[in-house]
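Structure first, then comments.
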Ligand code: ADP
Ligand code: MG
């Protein structure tokens, strides 16, 4: 018998009705212990306390109603279905079943009473409301109106496990609690007292069996709030464990930047900005210690992160280590390759390049060089973290445009450098500024460096928002611009996720511009072109042989043509803020005042309108990121792959943002005073998360 047993430790199979098969299914919902069942929370509630007269049923509502069977028939119009017509004293309603058994059909006898619950959806041709597949039970006429149920919780379910099964499991778990079983309350009681929050069992009970209909925003309930807090706390503790765990690892200690570093700076042809100098100092302090650096470098597009990366690379190479630089696209990797060749080869550093197109002999020779330590720095794409790539002495990993890569990829590349117990230093760079709250949680395992200053001589880009119907005027503007010696980007955006369509649109735009502006040279780059072709076109644009470059969103990252000072983005309303900001960052890199024209197709949704307005109002990447998070959520902001990292069970990044600082503060207390809670918390909320399991 159960008495003072921890439900956290009891396998779910101890409940009635849970055999191996059901347990398998529950596992898909991450339910393995009896306590897990209690944390499987409803996502909405149905009011079954009140029998609604049939005449008062309104389409679009889930309601409880009762009626006498007037007629039951099988019809073959469209799909074979069973129709059951009910009436109470006020009106008629039709129940429609597409799936039904013979015995079910036989029970639907005229004159019997049914109590039903379902979504009143549409009106059948015969008139009256219709409900498809309601829940129903037979009642006697005397039982009419005698409703026992009140509010009923509705649970996320999985194939083969329905609402009823869940309700039964949850009920069993609460019965065990009544009989003296326990479930671990992972919050310090001082926290509960301070916030006037209910205990864990009280909270769970209220959420599964509410007395009153909860508010539409369930986070207003303190029962729910404490769970949100718990999850955020668990998340934070886990990340800080990760961070302190990683700090215990050892890394190679690099020497202070020497002669090569000085020569590099001298040859640059410009002075570093104050922000670049500060960040370089932060990094060099890190890599001159023997704890692995884990640093996130944030800086707006064009803020000059590449120079910072190069400086760190030289320090590593000077100390006898190899460096890997990973970029998300070949175009970007190639651009880095060029920069690094220009900067580092004169210093006698060998720069290697490895991307997906390298095959066979070429691939082998490149990977041989890497393994034998003949290459000092390797620049490439995802190809860098294939199993076959091994380094002789990898000391520094640099990842550009981090938001494109998942945590896994970051760790995979890091692991390549693990030699004995030595871990490589890691520098992660992103041009997508991350709002502070998001950075606090999502990147708590990384230290943060920010370049908050653009190189001198840049003039902010002015942005205008113009409907597509005025395209002719925009083309005139391009004409004037090119006459004034400007170069122009014309960007075609993604059409319904289809790269082919996007390329088509770009081809059409190219034809249009060529025919309307025959006096200028117009080129085209798109994602379907081979890397060499793309590179050639980009080079023509850089050399100013091309005046106008039509591009799909492939130019989003990294392309650097300072003379381009006018950008037109077609269908700008389709893009998110982060992407618009990235694109716009391609202009405003030279000395001339730059313009960006956001062309949109009317009518604009409110959300799109808001996005385009923000773009017009500000060029501050951090402000844009803040707004982007509000409009689209953190998952989108961090990139799809990264989003898994942010998938909370009860918390919501935006809704609960104001709790995050408190959590961060309290986490310290818990670590200090109640360390025994840490593992329980992490286990409860994060045990099943792949990302955490792998770290
Ligand atoms: P991002 O941060 O977007 O990666 P880049 O590193 O590509 O930016 O730098 C953008 C451009 O600015 C490059 O042409 C780079 O050489 C130049 N640049 C970087 N730092 C400075 C500086 N301090 N002064 C002038 N130009 C700079
Ligand atoms: Mg860059």
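Filtered by the rule that a residue be away from ligand 2 (no atom under 16 Å from the Cβ) and buried (at least 17 other Cβ atoms within 10 Å of the Cβ), the stretch 328-368 gives 344, 349, 351, 352, 353, 354, 355, 363, 366, 367. Evaluation of residue 177 against the conditions (1) in contact with a helix residue (DSSP H, G or I) (Cβ under 8 Å, 6 or more places away or on another chain); (2) farther than 30 Å from residue 28 by Cβ; (3) at pLDDT 90 or above shows that the sole unmet condition is (2). Of all the numbered requirements in (1) surrounded by fewer than 18 Cβ atoms within 10 Å (Cβ to Cβ); (2) outside any helix (DSSP H, G or I); (3) at pLDDT 90 or above, residue 475 misses one, and that requirement is (2). When every residue of the stretch 403-423 is checked against the conditions, at least one turns out to be at pLDDT 80 or above and more than 16 Å from ligand 1 (Cβ to nearest atom). Here the stretch 284-308 is the region considered, the condition is being surrounded by fewer than 23 Cβ atoms within 10 Å (Cβ to Cβ) and part of a helix (DSSP H, G or I), and the residue that is nearest to ligand 2 (Cβ to nearest atom) is 306.
The residues on offer are 313, 275, and the sole one that is more than 20 Å from residue 456 (Cα to Cα), assigned to a helix (DSSP H, G or I), touching a residue at least 24 places away in the same chain (Cβ under 8 Å) and out of contact with any helix residue (DSSP H, G or I) (no Cβ under 6 Å at 6 or more places or on another chain) is 313. Mind counting the residues in the stretch 136-155 that are in contact with a helix residue (DSSP H, G or I) (Cβ under 9 Å, 6 or more places away or on another chain) and surrounded by 16 or more Cβ atoms within 10 Å (Cβ to Cβ)? Summing the residues that are in contact with a helix residue (DSSP H, G or I) (Cβ under 9 Å, 6 or more places away or on another chain) and surrounded by 16 or more Cβ atoms within 10 Å (Cβ to Cβ) in the stretch 136-155 gives 3. Considering the stretch 440-461, the residues that are away from ligand 1 (no atom under 13 Å from the Cβ) and modelled with pLDDT of 70 or more include one that is farthest from the chain's Cα centre (by Cα), namely 459. Scan the stretch 56-75 and give yes if some residue there is touching a residue at least 12 places away in the same chain (Cβ under 8 Å) and out of contact with any strand residue (DSSP E or B) (no Cβ under 9 Å at 6 or more places or on another chain), otherwise no. Within the stretch 56-75 (the criterion being touching a residue at least 12 places away in the same chain (Cβ under 8 Å) and out of contact with any strand residue (DSSP E or B) (no Cβ under 9 Å at 6 or more places or on another chain)), the answer is no, since none of the residues qualifies. The single condition from (1) closer than 30 Å to residue 530 by Cα; (2) touching a strand residue (DSSP E or B) at 6+ places or on another chain (Cβ under 7 Å); (3) within 12 Å of ligand 1 (Cβ to nearest atom) that residue 297 fails is (1). Note on the stretch 176-198: residues that are in a loop (DSSP other than H, G, I, E, B) and exposed (fewer than 15 other Cβ atoms within 10 Å of the Cβ) amount to 3. Might you check whether a residue that is without any contact (Cβ under 8 Å) to a residue 40 or more places away in the chain and touching a helix residue (DSSP H, G or I) at 6+ places or on another chain (Cβ under 7 Å) occurs anywhere in the stretch 226-240? There is at least one residue in the stretch 226-240 that is without any contact (Cβ under 8 Å) to a residue 40 or more places away in the chain and touching a helix residue (DSSP H, G or I) at 6+ places or on another chain (Cβ under 7 Å). Can you tell me which residue is nearest to ligand 2 (Cβ to nearest atom) among those in the stretch 530-572 that are buried (at least 23 other Cβ atoms within 10 Å of the Cβ), part of a helix (DSSP H, G or I) and modelled with pLDDT of 90 or more? The selected residue is 541.
The values are calculated or read from the model by the stated rules, or taken from the named source; none is laboratory data. This is a predicted model, so every value here is computed, not measured. Don't worry about glycine lacking a Cβ; one is built from the backbone with ideal geometry, like all the others, and counts go over all protein chains shown.
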